[in-house]
Every structure is written in structure tokens, then in C-alpha cells.
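The values are calculated or read from the model by the stated rules, or taken from the named source; none is laboratory data. The model shown is predicted, which means the values in this text are computed figures rather than measured ones. Note that we place each Cβ from the backbone using ideal geometry, even for glycine, and neighbour counts take in every protein chain shown.
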Amino acid sequence: MARIFSGMAPSGFPTLGNYLGATRNWVKLQAQGDCIYCIVDQHAITNFQNPTELREKTRVMAAILLASGIDPEKHILFHQSAVPAHARLAWIFNCVARIGWLNRMTQFKDKAGKDREAVSTGLYVYPNLMAADIHAYHATLVPVGDDQRQHLELANDIAEKFNFDYGVKFFPRIEAMIPAETARIMSLRDGTKKMSKSDPSDQSRINLNDDSDTIALKIRRAKTDPEPLPADPSGLAGRPEATNLVTIYAAMTDQTPAAVLQNLAGAGFGAFKEKLADALIAHIAPIKTETERLLNDPAHIDSILQAGARRAAAIADPIVDEAERIVGFLPRGP
Ligand code: TYM
């Protein structure tokens with residue numbers, strides 16, 4: 001059976017983009033393999049996080065993942081900082097990856113912007129930690145949205161160089177699993193920008209813990225254009241906001257965008273947005289209710305994550321021990 005790994009950073013609350021790009025596949029894959037899902041708090045602090053808020057966001061993320069259908073008994077859900085194997089392997093990978101490789105990471109360029117000299121060194125080497133997250137488990141399948149594609153290519157380059165440098169076949173190749181239609185859900189305010197949990201504008205995204213009124217309002221205010229819905233997807237060319245809303249509606253109602261347009265051709269955005277808000281609320285309201293129920297008992301959430309971390313460590317520790325032996329470190333001892 002394939003071992004599946006993926007992660008999500010608690011740098012905000014999970015969004016509809018996270019859900020449609022990643023979590024939906026995380027849930028589905030539970031029927032196909034052993035899944036290890038990680039809330040990557042160490043990645044989150046590459047940008048400063050208020051410590052109290054980070055704890056809250058980590059618990060809320062855990063609750064939302066559980067409410068979305070992650071099964072922590074059959075599979076593993078945990079927080080990254082609780083398994084030191086990630087940081088141990090990341091250090092080795094810092095010494096394998098080349099600066100030139102990291103300089104090509106488009107997400108670093110986007111996140112650092114003009115402030116390149118002032119961002120943390122953690123943000124720069126972040127993709128090495130991400131490679132370590134996956135390779136510490138010898139995972140081979142990684143369900144993510146499109147924005148992580150380049151990081152996964154880097155994770156393969158790092159594994160290949162490690163294997164070559166040390167003359168071993170230790171780390172396997174990994175394969176990205178990226179959804180066809182919903183790999184890139186865009187901001188509600190700007191259809192050319194990714195929907196992101198760290199966007200300063202809360203109006204740019206739907207959070208999975210938004211209440212129904214907030215969802216309806218955000219959709220009503222979402223940017224659109226004056227044209228009605230076209231009869232087929234070719235009529236969406238050059239209309240990024242319209243494309244995004246049709247993509248979201250199609251995903252929420254389990255249809256292709258072409259089928260949506262066949263049914264709704266000629267509709268104006270006023271009417272379409274109402275349908276879209278209803279579909280989103282029908283999907284998200286039960287997740288929010290279950291999230292709130294879980295958050296009434298934070299100690300229970302912590303105990304789920306801690307139990308997950310113990311099981312994760314039992315898999316990762318021997319793999320990282322062996323990686324350290326391969327590079328020439330003396331045994332850690334009992
Ligand atoms: P993060 O926390 O930014 O996002 C979590 C997952 O959600 C996907 N995603 C999206 N998909 C479609 N449309 C969007 N607008 C959108 N926004 C986010 C992301 O592609 C991702 O799959 N570096 C990772 C976390 C990570 C990881 C890992 C992932 C750390 N270690 C190991 C896989 C394997 C990140 O910051 O994702």
C-alpha cells in the first residue's frame with residue numbers, strides 16, 4: 001500500500017482553497033493507503049506568528065481537518081514540532097540542497113517580494129524542511145494544490161542527490177497528486193491571485209470556519225465582470241474572476257464547469273452568486289458545526305495530535321536514524 005503524506009501550515013485558518021486543492025483529496029486517499037497528515041507549525045513560524053494565536057490556529061486546523069473527515073484512528077494526524085525527526089532530516093537536506101536550487105523557488109520570490117534581505121533564513125530553506133517532512137516517512141504520494149508542485153520537484157532533486165552522493169538507494173521518488181479542476185482556487189477580490197489564508201484581506205477568501213452570513217456576504221461582494229455566464233468554458237477566457245466562481249460552484253455541486261455553464265448559460269452574476277453561496281453554505285455549515293463541537297474540548301484535540309505524533313515518530317525515527325548513519329554520524333544510542 002502506498003504511504004501518503006501531506007501537510008498544511010497553521011499560518012491562518014484553512015480556506016476553501018486548502019479544502020478544494022488538498023483536504024478533499026486527503027480525505028479520499030484514506031481509502032487507498034496509509035495516510036500521514038501533518039499540521040506544519042515549524043513552517044508557520046518562517047513568518048512571525050503570535051504564540052497564543054499559533055496555538056489557537058493549530059487546534060482550529062486540527063478540528064477542521066477532523067470535521068472534514070480525516071480519521072485519526074486509521075490514519076495519522078499530528079503537529080510537526082512534536083516529531084523531531086523532521087528537523088533532524090531537514091538539517092541534512094540543508095547540506096544537500098544547493099543555493100541555486102532554492103533561488104529558483106517561485107514561492108520564496110513571491111513571499112519575500114522586494115524584502116528579500118529582511119525575511120527569515122527559515123523562509124529561504126523552508127522547501128528543504130518540506131522535503132524532509134515527506135522523506136522522513138519514505139512516503140511516495142503527496143496530495144497538494146498546484147502551488148506546491150515546484151517544492152515537490154525540489155524534494156525529488158534533493159533525494160536524488162542524497163542517493164547519488166552517498167551511493168545509496170535510500171529515498172524513493174515521490175509523486176504529486178494535484179486535482180485537475182481545483183488545483184488553484186483564486187482570491188475573491190482578484191482572480192489573478194491565489195486564495196490564501198495569509199492574505200491581509202479576509203474578504204479575499206472563504207474560511208472553513210466562516211458562518212453562513214459571512215459566506216453569503218463574501219460571495220455577494222466577490223469581484224465579477226458585467227457579462228452574463230457564457231454557454232461553454234471558452235466564453236470564460238480572459239475572465240479570471242468568473243472562471244474562479246464557476247470552478248468553485250462546479251466543485252461544490254460535483255459537476256464539470258462545462259455542465260454548470262450548459263445549465264446556467266445567460267444567467268447574471270446576481271442570481272448565480274446566490275446559488276453559489278447556497279452551495280457553499282450547504283457544504284461548509286456541517287464542517288463548521290462539527291469544528292465548534294470539537295473545539296469545546298481543546299485537551300481532546302491535543303491528545304489526538306499527541307497520539308498521532310507518537311505513531312508518526314515510530315515510523316520516522318528509524319528512517320532518520322538510518323539517514324544519519326549513511327552520512328556518517330555515530331549512533332545516537334539508546
Ligand atoms: P499550505 O498550508 O499553504 O496549503 C495547504 C494545501 O492547500 C493547497 N492550497 C491550495 N490549493 C488550491 N487553491 C488554493 N488557493 C490553495 N491554497 C493552498 C496547497 O497546495 C497545499 O496542498 N508547504 C505547504 C505545507 C507542507 C507540505 C509538506 C505539503 C509542508 N510540508 C509536505 C505537502 C508535503 C504549504 O505551505 O501548504
Out of (1) away from the ligand (no atom under 15 Å from the Cβ); (2) part of a loop (DSSP other than H, G, I, E, B); (3) touching a Lys or Arg at 6+ places or on another chain (Cβ under 7 Å), the odd one out for R220 is which? (2)
Quick check on my filter: what residues within region 33-67 are without any contact (Cβ under 8 Å) to a residue 40 or more places away in the chain and surrounded by 18 or more Cβ atoms within 10 Å (Cβ to Cβ)? A44, Q49
Just one of the numbered conditions (1) of a type in the set (D, E, K, R); (2) surrounded by 15 or more Cβ atoms within 10 Å (Cβ to Cβ); (3) without any contact (Cβ under 8 Å) to a residue 24 or more places away in the chain is not true of D210; which one? (3)
Condition first: more than 6 Å from the ligand (Cβ to nearest atom) and more than 15 Å from I319 (Cβ to Cβ). Now tell me which residues in region 135-150 satisfy that. L141, P143, D146, R149, Q150
Give the residue, chosen from N128, N156, that is assigned to a helix (DSSP H, G or I), surrounded by 17 or more Cβ atoms within 10 Å (Cβ to Cβ) and either on the phi > 0 side of the Ramachandran plot or free of Cβ contacts under 8 Å to residues at least 24 places away in the same chain (or both). N156
Pick from A307, A316: which is in contact with a helix residue (DSSP H, G or I) (Cβ under 9 Å, 6 or more places away or on another chain) and either surrounded by 11 or more Cβ atoms within 10 Å (Cβ to Cβ) or in the same structural domain as P14 (by TED's automatic domain parsing) (or both)? A316
Of the candidates T192, T182, the one satisfying the condition of being within 26 Å of A63 (Cβ to Cβ), of a type in the set (V, I, T) and either in a loop (DSSP other than H, G, I, E, B) or within 12 Å of the ligand (Cβ to nearest atom) (or both) is T182
Could you check how many residues of region 270-298 are farther than 21 Å from E181 by Cα and crowded, with 16+ Cβ neighbours inside 10 Å? 6
